[in-house]
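K.L.:
Before anything else, here's the structure in question.
The values are calculated or read from the model by the stated rules, or taken from the named source; none is laboratory data. Everything numeric here is computed off the predicted structure, so don't read it as measured data. Because the Cβ atoms are built from the backbone with ideal geometry, glycine has one as well, and the counts that use them run over all protein chains shown. Surface areas here come from the heavy atoms of the whole protein model, side chains and all, with no ligands, DNA or RNA. Shrake-Rupley method; radii C 1.70, N 1.55, O 1.52, S 1.80 Å.
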Amino acid sequence: MSTKHEIPLFDKKIILNAIKDSFIKLNPAYLIKNPVMFIVGIGAVLTIIISIRDLIEKTPASFDIQIAVWLWFTVLFANFAEAIAEGRGKAQSENLRKSRTNTIARKLVGDKEERVSALDLHSGDNVVCEVGDLIPADGEVIDGVASVDESAITGESAPVIRESGGDRSAVTGGTKVLSDRIVVRITSNPGETYIDKMISLVEGAKRKKTPNEIALSILLSGLTIVFLVVVITLKSFFNYYHITLSQDISAVSIPVLIALLVCLIPTTIGGLLSAIGISGMDRLLKHNVIAMSGRAVEAAGDIDVLLLDKTGTITLGNRMATEFVPTPEVNETYLADVAQLASLADETPEGRSIVVLAKEKFGIRERHISELNAQFIQFSAKTQMSGVNIISSDGSPNRIIRKGSIEAIKKYIAEESNVNVSAQSDYMFTQMIGVDIAMAGGTPLVVVENKKILGLIQLKDVVKGGIKERFEQLRKMGIKSVMITGDNQLTATAIAAEAGVDDFIAQAKPEDKLFKIREEQAKGKMVGMIGDGTNDAPALAQADVGIAMNSGTQAAREAGNMIDLDSSPTKLIEVVEIGKQLLMTRGALTTFSIANDVAKYFAIIPAIALSLFATNGLNGPLSVLNIMKLASPQSAILSAVIFNALIIIALIPLALKGIKYRPEGAATVLKRNILYYGVGGLIIPFIGIKLIDVLINSLGLI
Amino acid sequence: MNYLLDFFQFILFLGLLTFLAYYIGNYFYKVVIGEKNILSPLLLKPEKLIYKIFRIDENEQMSWKTYLWSVLALSFINFIAVLLMQLFQQYLPLNPQKLPNVEFLLALNTAISFVTNTNWQAYSGETTLSYFVQMLGLAVQNFASAAAGIAILLALSRAISFRKGTTLGNFWVDLTRTVLYLLLPLAIILSIILISQGVVQTFSSYAVAKTIEGAQQVIPLGPAASQIAIKQLGTNGGGFFGVNSAFPFENFTPFSNFLQVLSILLIPASLVFTYGRMLGNKKHAWMIFDVMMFVFISGVAFSYWSEVSASSTYHTSQLMEGKEARFGVFNSILWSVATTAASNGSVNTMLDSLSPLSGFVTLLNIQLGEIIFGGVGSGLYGMFLFILLTVFISGLMVGRTPEYFGKKIESYEIKWAIIGILIPSVVVLFFTAIGSTTNQGLASILNKGPHGFSEILYAFSSGAGNNGSAFAGLNANTVFYNVMVGIAMLLGRFGVIIPVLAIAGNLVKKNIAPDTAGTLRTDNPLFAFLLLSVILIVGALTFFPALSIGPIIEHFLVQSGITF
């Protein structure tokens, strides 16, 4: 499903649009939101003015012009990074939105229908949707039941049932009704639907910075101020030598100082920061998760505890028959045969699994119900049993077969024949085996024929393949998993052990989730959970990251801070990974950006101080610091500026895709990132600047 | 030079420092939390008495704002007191030399200097200040400003270790306990040993002697030992006499020299362990200690190497200009590195005459923010700001929003941390820029060329870093420098204290997230490496341009035989 919304890293249309946007974003009112780039912009303008003055005064201007050009490129590249992330995000969202834009809604006014544009709908309006109609906006079914094709959103082709009342009443704008007629009460105003919210999170102009992004911006602004002061005062320091010793300091021109400033301030991370944030949202969207705020995505990286429902998340969702255990005097094949008979009409997954098990294990074919002359007894809440009566030729029931829980069967045997069931040996056997099954996490079902106990069927929760490894990874990342289940303590213990969760709550009532979240939060932990029902709403709201399933109720969806369009319970794990990846990318590029400065110093400081105490045409003493042996002061400065601009472009793919994420402990992750982005950030610019220097000298640009 | 002897002395010094610091740090932890300790039988009664006299409610807990106001109030009252004492010392007792009143700007500069734990001395002690001012003015400030710095560190460590708290302790209690249990006992022990080594302690007026040539020589005396002990212990550094610990009556024997340089780093190093205990993580304390030790040892080694190699440039066996023959090269540079690493500022050698790269080490030490042991309290809370930055950047790299001891580091903390790091740096750079390009600034320098520039850079680094030592060669008692350095000292002190307490006030309110496998560890070598990198990169990036056209260019010029 995720492949459906995959957008290539370099989509031609997105790139063209992004190039256009890079220029539009030069608007100072917009640029000022990014202080680092704003400073570069001012520097670029100043350098242009100086270049023009050079031209008018007919002094050599080529160097200043080149500096100016590359400063403009620096800003444009940063804008481009943001624009391309935006473009990709919008494209993701547009895919979802497209279907919705021209929808005509059939609005109910009194008893009459009115045809209005979907955009004119307001919260509280009722609309009618029939076969073939697109649902015009997010809402809740208040009347009727229909099957709905949600593939436009989820990519899942199987239709889903949406009906009024209950947990499946929510519908999403843009999905298509396949059968029947429903009345939908609109719950959002135009521009406020989830998709619109998502689009606003990927649009740079409307996007609100997330808390950690704000903190990082402050750090970057602080560094920018420091370097601003460094560069301004450096001019005075050189003046000192001019005043006291009449040294030639003409190399320390304004464009050179601006070049130094731009190289030192953290332009790499400053230029890519917003792209990183936006592409984090993109990645969520790619996983069919819609975030209500950027804050939640960051919080996801911090989650310490995951609350997971057992059913559907940890286990496949339904219990399956895994074994037949006959009483000592009964043949196992016979038990299987009878059990299959009893389940033929049982359309529940559990019933089907009994039929399948009998067939797989003993080759007992499914018999046709009509041939058997049988009368099926549906499961009833009263008897807690189901079964079959096989009618003999004289019309009286010949074989009476029942299956049910141990308790139910005991009651069934006892009520009609006044025997002490507990004392019967086959009942005692049943009870013994039943406890064994329960301890292994299964559920025992007893099969009786004509009130004689034949044996048990073991029904078991089947733990999803690979889930244990998933929890193991989570544990390595320091995340504790807690399973929530309605099962009894015994069963829960067994499944918890099999799935490898760290903790569980058995016989959980809906409010237990809320209590558990509060308890963990009081210990300072961040809790994530996923839920769907109305009774999950308080817990979803309390959790630091609450993911509501799209199939869930409106209440649940409003309480959560993310919505999973696939309604997949394991999605929480992916969301955590996306959150972590987002933060890591930010940290790694910040480290890289700061580490880069060392090389730039070694390029520029010797260049501008070259003439200081230069004697007899020889270079000044600080030329020793020119360890890269750059050809000339001008080419050194220009190379540093060019490197500084190009590195932004070079890192755009990394910012968009995020740095590679592996589920590991903090120490391992940190070591690797330090090596790649810290040490790498120290070394790469030395090589890069040297190469550029060689290149521009061979091209004769200086 | 006897390299082997120097080496063994250095090892002895480091070993003794670590040993004493560990025990004093743990002892002080007990004092701080009010636990019974070795001195409580003796000092508990005086402590309670002080609370009674000053009407201090021992159990009152202060918010960060109240705590800050208390610090500011104490500083302000002390400032006024020291200022007035100087302005009217002629009319006050204990002035056997009949020294006149101190002129206003100099008095102002001196008052700021001692209240901010800087001890920048634009005056020369023996010709300017009476015994009364030295003792009741300056020596008292040596205790008070040191204790205030330590108290702030204590407030900060509470902020980190309290879960969802609101208060940071009681400033007056912290102040009293620090003076009573830590500073006084150590100062008493040290001054007695110093007196035994020949450091003077007397109220008599200056002695007059006749030299062999028949000339008359005045030998300054005074109650020096008591003041010198606290000047070293409290990282104050203001000497009783003008030439500070290079003067025999201030620092008589190699043993007194060894003790004094040890006391420079003793309390700052001890506080690292106190901090670790307060945070409940000794390994974190060792991590910080190791980082400090590493930079310190590197500084000494580099400085030593520079002295040795520079002497060959000058074709001498040792670079002895400006150094005391009693101490030699090693003890001089050990002191110069220690006094600038810690925010002490006392000297036993003329920093001005050090080889250019030794001068570079002293400058860099101060400019890193004096966090290599640093000033008492202030060194560690300055280091804390760098730890925050490191935690922030590397915390992101492990994929979590950054946290320190389970407390989330968010925009509020980062904002104030940046301000705290920014203010001293900006002051140093801007003031140096003004000093090195205006007539008022340039009039004071004795040397031309890079050395003159270094002198100005050093003056403002020393002021803003609250160090107080001078590179010498700069006439500091001018209107320009008295005022500018005065402002630098104030900004350097309170421009860090306010951010630190603001951060503390916000941190204390936060819940503590438990450690998990996904948490960034702050007590292992990897974090030490990161912290070191952040300190060096941020510090170096800020000051590398200035240093490269100061001491670094001077080094290359000297090598090619160019002097000014």
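K.L.:
Starting from a Cα-only point model with no solvent, please compute log10 I(q)/I(0) by Debye for segment A:320-425 at q = 0.10, 0.15, 0.20, 0.21 1/Å.
P.N.:
-0.30, -0.69, -1.19, -1.28
K.L.:
What do you reckon, how do B:R158, A:R399, A:R586 stack up by accessible area (1.4 Å probe), largest on top? Don't skip to the end; give the middle numbers.
P.N.:
Working: B:R158 25, A:R399 60, A:R586 0 Å².
Per-residue accessible area, sorted high to low, gives A:R399, B:R158, A:R586.
K.L.:
Dividing the Cα convex hull volume of segment A:232-350 by residue count, how many Å³ per residue is that? Walk me through the numbers before you get to the answer.
P.N.:
Numbers: hull volume 28.5 nm³, N = 119.
Taking the convex hull of the Cα positions in segment A:232-350, it is 240 Å³ per residue.
K.L.:
On to the next question. How big is the charge dipole of chain A about its Cα centre, in debye rounded to the nearest 20, if each Lys and Arg gets +1 on its Cβ and each Asp and Glu gets -1 on its Cβ?
P.N.:
Numbers: 71 positive and 74 negative charges, 426 e Å.
Approximately 2040 debye in magnitude.
K.L.:
Skipping prolines and chain starts, which residues have an amide H placed within reach, meaning under 5 Å, of the one on A:Q247, given they are 5 or more residues away or on another chain?
P.N.:
A:H242
K.L.:
For the pair B:L94 and A:V462, how long in nm is the line joining their label points, each one 7 Å along Cα→Cβ?
P.N.:
Taking the two extended label points, one gets 9.2 nm.
K.L.:
Mind computing the radius of gyration and Dmax over the alpha-carbon atoms of the protein assembly as shown? Å is fine for both.
P.N.:
Considering the protein assembly as shown through its Cα atoms, Rg and Dmax are 39.0, 151 Å.
K.L.:
Could you give me the percent of Cα pairs per 20 Å distance bin for chain A, shortest bin first, beginning at zero and ending with the bin that holds the maximum distance?
P.N.:
15, 34, 28, 15, 6, 2, 0
K.L.:
With a probe of 1.4 Å, find how much accessible area segment B:21-279 has per residue, and write the answer as a whole number in Å². All intermediate terms of the calculation are to be shown ahead of the outcome.
P.N.:
Values: 10140 Å² over 259 residues.
For segment B:21-279, the solvent-accessible area averages 39 Å² per residue.
K.L.:
Also: Return a whole-number percent for the relative contact order of chain A, with Cα pairs under 8 Å and 6 or more residues apart as the contact set.
P.N.:
14 percent
K.L.:
In 10 Å bins starting at zero, report the fraction of Cα pairs in segment B:21-279 per bin as a rounded %.
P.N.:
Going out from 0 Å in 10 Å bins, segment B:21-279 shows 7, 28, 33, 21, 8, 2, 0, 0 percent.
K.L.:
How compact and how long is segment B:330-478, expressed as Rg and Dmax of its alpha-carbon atoms in Å?
P.N.:
In order Rg, Dmax, the Cα atoms of segment B:330-478 give 17.6, 55 Å.
K.L.:
Considering every pair of different Cα atoms, what Kirkwood radius, in Å, is found for chain B?
P.N.:
On the way: mean 1/r = 0.0422 Å⁻¹.
After inverting the mean inverse Cα-Cα distance, the result is 23.7 Å.
K.L.:
Quick one: accessible area per residue over segment A:278-326, 1.4 Å probe, rounded to a whole number of Å²? Walk me through the numbers on the way to the answer.
P.N.:
Working: 1160 Å² over 49 residues.
Result: 24 Å² of accessible area for each residue.
K.L.:
Okay, next question. Among all helices in chain A defined by DSSP H, which have a length of 30 Å or more along the axis from Cα atoms plus a Kyte-Doolittle mean of at least 1.6? Please report the intermediate quantities before stating the final value.
P.N.:
Numbers: long enough: A:35-57 (33 Å, 1.86); A:62-101 (54 Å, -0.01); A:211-245 (51 Å, 1.41); A:571-608 (55 Å, 0.82); A:633-657 (37 Å, 1.85).
Both cut-offs are met by A:35-57, A:633-657.
K.L.:
Something else: Which of the helices in chain B, when you take each full DSSP H run, stretch at least 27 Å along the axis at their Cα atoms and have an average Kyte-Doolittle score of 1.0 or higher? Please list the in-between numbers first.
P.N.:
Values: long enough: B:3-32 (42 Å, 1.34); B:64-87 (34 Å, 1.46); B:140-161 (32 Å, 1.37); B:254-279 (38 Å, 1.26); B:282-313 (46 Å, 0.66); B:378-397 (29 Å, 1.98); B:411-435 (35 Å, 1.68); B:479-507 (42 Å, 1.83); B:525-547 (31 Å, 2.41).
For chain B, where a helix must reach 27 Å along its axis and average at least 1.0, the hits are B:3-32, B:64-87, B:140-161, B:254-279, B:378-397, B:411-435, B:479-507, B:525-547.
K.L.:
Starting from the 7 Å offset along Cα-to-Cβ, what nm value, one decimal, do you get for the label separation of B:K509 and A:T668?
P.N.:
Each label point lies 7 Å from its Cα, and together they span 3.9 nm.
K.L.:
Okay, next question. Taking beta carbons within 10 Å but only from partner chains, what does the mean come to for residues B:73-80? Intermediate values should be presented prior to the final figure.
P.N.:
Working: counts 0, 0, 0, 0, 0, 0, 0, 0.
Taking all residues of B:73-80 together, the mean is 0.
K.L.:
If you don't mind, another one. In segment B:544-561, what residues drop by 30 Å² or more in accessible surface going from the chain by itself to the full protein assembly, probe 1.4 Å?
P.N.:
Going by heavy-atom accessible area, the residues of segment B:544-561 that drop by at least 30 Å² are B:F544, B:P545, B:S548, B:I549, B:I553, B:F556, B:L557.
K.L.:
Using 0.36 nm per residue, how much length does the chain from A:I687 to A:D512 gain when fully extended, once their Cα-Cα distance is taken away? Working shown, then result.
P.N.:
Working: separation 175, 0.36 × 175 = 63.00 nm, distance 5.88 nm.
Roughly 57.1 nm would be gained on extension.
K.L.:
Follow-up question, since we're still on this one. Mind checking which aspartates and glutamates have their C-alpha under 20 Å from A:K600, skipping anything on the same chain fewer than 8 residues away?
P.N.:
Excluding near neighbours in sequence, the set is A:D64, A:D693.
K.L.:
Chain pair A, B: how much accessible area is buried, both chains summed, with a 1.4 Å probe, in Å² to 100? Mind showing how you got there, number by number?
P.N.:
Numbers: alone 30580 and 21760 Å², together 47060 Å².
Rounded to the nearest hundred, the buried surface is 5300 Å².
K.L.:
Here's another thing I want to ask about it. Compute the accessible area per residue over segment A:659-702, keeping the other protein chains in place, probe 1.4 Å, unit Å².
P.N.:
Details: 2290 Å² over 44 residues.
Dividing the accessible area of segment A:659-702 by its residue count gives 52 Å².
K.L.:
Evaluate peptide A:210-219: per residue, the Cβ atoms of other protein chains within 10 Å of its Cβ; return the mean as an integer.
P.N.:
Details: counts 1, 4, 11, 1, 5, 12, 6, 2, 10, 9.
Per residue, the average neighbour count from other chains is 6.
K.L.:
Tell me, which residues of segment A:467-511 get at least 20 Å² less accessible area when the other protein chains come in, versus the chain alone (1.4 Å probe)?
P.N.:
Buried by the other chains: A:M477, A:G478.
K.L.:
Moving to a separate point now. Over segment B:21-279, how many pairs of lysines fall under 23 Å by alpha carbon, counting only those 8 or more apart in sequence or from different chains?
P.N.:
On the way: B:K30/B:K45; B:K30/B:K48; B:K30/B:K52; B:K36/B:K45; B:K36/B:K48; B:K36/B:K52; B:K65/B:K164; B:K98/B:K210.
Close lysine pairs found across segment B:21-279: 8.
K.L.:
For the protein assembly as shown, which whole-number percentage of the solvent-accessible area (1.4 Å probe, protein heavy atoms only) is attributable to carbon and sulfur atoms? Provide the component values of the computation, followed by the final result.
P.N.:
On the way: 29200 of 47060 Å².
Ligands and nucleic acids excluded, carbon and sulfur reach 62 percent.
K.L.:
Tell me, which residues of segment B:397-418 get at least 40 Å² less accessible area when the other protein chains come in, versus the chain alone (1.4 Å probe)?
P.N.:
Residues losing area: B:M397, B:V398, B:G399, B:R400, B:T401, B:S411, B:I418.
K.L.:
Can you give me the Rg/Rh ratio for segment B:414-504, using Cα atoms for both radii and the Kirkwood formula for Rh?
P.N.:
On the way: Rg = 13.7 Å, Rh = 13.3 Å.
Looking at segment B:414-504, the ratio lands at 1.04.
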